[in-house]
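Here it is: the structure, laid out below.
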Amino acid sequence: MKTIGIIFGGANSEHEVSCASAMHVLANLDTDLFVGVPLGIDRSGGWHRLASVDDLEGAGEGTRFPDLDGIDVVFPVLHGRFGEDGTVQGLLELAGVPYVGCGVLASALAMDKKLAQRLLEASGVPTIPTHSVTAATADEAPTLAADLGYPLFVKPNRSGSSVGVSQVASPAELDAAIALALEHDTTALIQKAVEGDEVDLGVLQLVNGDLTVGAPLRVVKKGHSAFFDYASKYTEGAVELEVPARIPEEITERLVALARLAFTTLSCDGLARVDFFVGRDGTITLNEVNTLPGLTALSHYPRMWPPVGISYTELLTKLIDRAGVAA
């Protein structure tokens with residue numbers, strides 16, 4: 001049996017989501033093949049080797065580096081900065097421990113939406129019209145926003161789970177949205193609002209390097225949320241997830257091709273969730289690429305695989321097997 005170190009938590013705004021993902025990964029590991037060991041990162045960045053995910057809360061002062069003794073493969077279940085951005089991946093590379101998912105470069109690129117967009121556009125992947133500002137250039141925001149036209153969205157360049165994202169209907173709302181985004185990153189993105197359904201695709205890389213794509217998932221918003229925000233993502237019943245998405249076959253084929261192209265363009269490995277908008281006229285626009293997507297019971301990535309014959313437990317096994325080969 002292999003010992004799998006599940007890294008979770010993190011010193012960022014997605015700490016709670018990561019803890020929930022870790023619980024589900026541990027609960028669904030194939031116990032005939034693997035023993036899971038929780039490796040928690042507290043909100044201050046301290047590391048803890050634990051008996052359970054719940055033990056992280058109130059665990060006391062952690063260590064500066066993880067205890068990886070006896071760990072065969074690491075499964076990072078981290079979202080956002082200081083985990084999904086290549087930092088932990090670099091630490092594991094230095095430690096010489098195989099790990100699930102994308103490497104340092106792909107993780108860093110996908111987390112930096114601005115840089116990822118430039119590469120994806122160069123590869124022929126349609127992306128959202130975007131401008132960016134920093135604290136030093138925030139006074140340019142009104143001009144840049146006017147160039148795109150309202151309504152629009154403002155978001156941190158390096159963040160996830162819709163943390164720090166605002167929908168902006170008029171110039172009067174712009175300054176507050178920029179300020180909120182800059183609380184979460186040094187760069188704020190100003191993006192044109194794209195009309196259409198959110199349709200997400202999961203990409204899984206097998207042991208032999210081949211890519212397979214799960215069933216497309218369409219997000220059907222319910223309630224009063226203006227967009228698919230943090231509360232909608234992690235509140236049961238806030239949205240309906242239509243899997244497989246009821247969309248034309250030719251649209252599905254195009255989405256699959258673009259998801260594969262995005263995966264290879266950013267040099268991803270193991271897994272990624274690629275999020276698109278599909279307009280009523282069939283126009284496809286890539287939103288973003290997530291290299292460590294959520295793995296909770298409400299998360300999209302695990303929901304995409306049962307329709308194509310891969311259970312959650314089988315999915316985790318395939319990811320761990322790929323990690324051993326990729327190392």
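The values are calculated or read from the model by the stated rules, or taken from the named source; none is laboratory data. Keep in mind the model is a prediction, meaning the values are calculated, not measured. All Cβ positions, glycine included, derive from the backbone under ideal geometry; neighbour counts span all protein chains shown. Each accessible area value is taken on the protein alone, full model and side chains, heavy atoms only, with ligands, DNA and RNA left out. Shrake-Rupley method; radii C 1.70, N 1.55, O 1.52, S 1.80 Å.
Among the residues in segment 296-304, are any at pLDDT 95 or above, hydroxyl-bearing (S, T, Y), under 27 Å from R118 (Cβ atoms) and open to solvent by 30 Å² or more (accessible area, probe 1.4 Å)?
No, the conditions are met nowhere in segment 296-304.
Let me ask you something else. Please identify the pairs in which a residue from segment 46-72 that is over 24 Å from K2 (Cα atoms) and open to solvent by less than 30 Å² (accessible area, probe 1.4 Å) has its Cβ atom under 7 Å from the Cβ atom of a residue that is part of a strand (DSSP E or B) and not polar (S, T, N, Q), counting only partners at least 6 apart or on another chain.
G62/W47; G62/H48
Turning to a different aspect of this structure: Give the residues of segment 143-176 that are surrounded by 15 or more Cβ atoms within 10 Å (Cβ to Cβ) and free of Cβ contacts under 8 Å to residues at least 12 places away in the same chain, sorted by residue number.
E173
Quick check on my filter: what residues within segment 20-31 are part of a loop (DSSP other than H, G, I, E, B) and either without any contact (Cβ under 8 Å) to a residue 24 or more places away in the chain or touching an Asp or Glu at 6+ places or on another chain (Cβ under 9 Å) (or both)?
D30, T31 - these are the residues of segment 20-31 that are part of a loop (DSSP other than H, G, I, E, B) and either without any contact (Cβ under 8 Å) to a residue 24 or more places away in the chain or touching an Asp or Glu at 6+ places or on another chain (Cβ under 9 Å) (or both).
Sticking with this one: Pull out all pairs, ordered by first then second residue, where Cβ-Cβ is under 9 Å, the residues are six or more apart or on different chains, the first lies in segment 87-107 and is on the phi < 0 side of the Ramachandran plot and in a helix (DSSP H, G or I), and the second is of a type in the set (S, T, N, Q) and open to solvent by 30 Å² or more (accessible area, probe 1.4 Å).
V104/T87; L105/S267; A106/S267; S107/T87
Test each condition in (1) farther than 28 Å from D185 by Cα; (2) in a strand (DSSP E or B); (3) open to solvent by less than 10 Å² (accessible area, probe 1.4 Å) for V37 and report the one that comes out false.
(3)
Please tell me if P307 is open to solvent by 30 Å² or more (accessible area, probe 1.4 Å) and at pLDDT 95 or above.
Details: open to solvent by 30 Å² or more (accessible area, probe 1.4 Å): yes; at pLDDT 95 or above: yes.
When the stated conditions are applied, P307 passes them.
While we're here: Which count do you get for residues in segment 84-103 that are open to solvent by 30 Å² or more (accessible area, probe 1.4 Å) and either out of contact with any helix residue (DSSP H, G or I) (no Cβ under 8 Å at 6 or more places or on another chain) or not acidic (D, E) (or both)?
6
Among the numbered criteria (1) assigned to a loop (DSSP other than H, G, I, E, B); (2) touching a His at 6+ places or on another chain (Cβ under 7 Å); (3) acidic (D, E), which one does D200 miss?
Just one mismatch for D200, condition (1).
Same structure again: From the list I7, I71, which one is outside any loop (DSSP other than H, G, I, E, B) and under 30 Å from T264 (Cα atoms)?
On the way: I71 fails: outside any loop (DSSP other than H, G, I, E, B).
None of the other options fit; the residue is I7.
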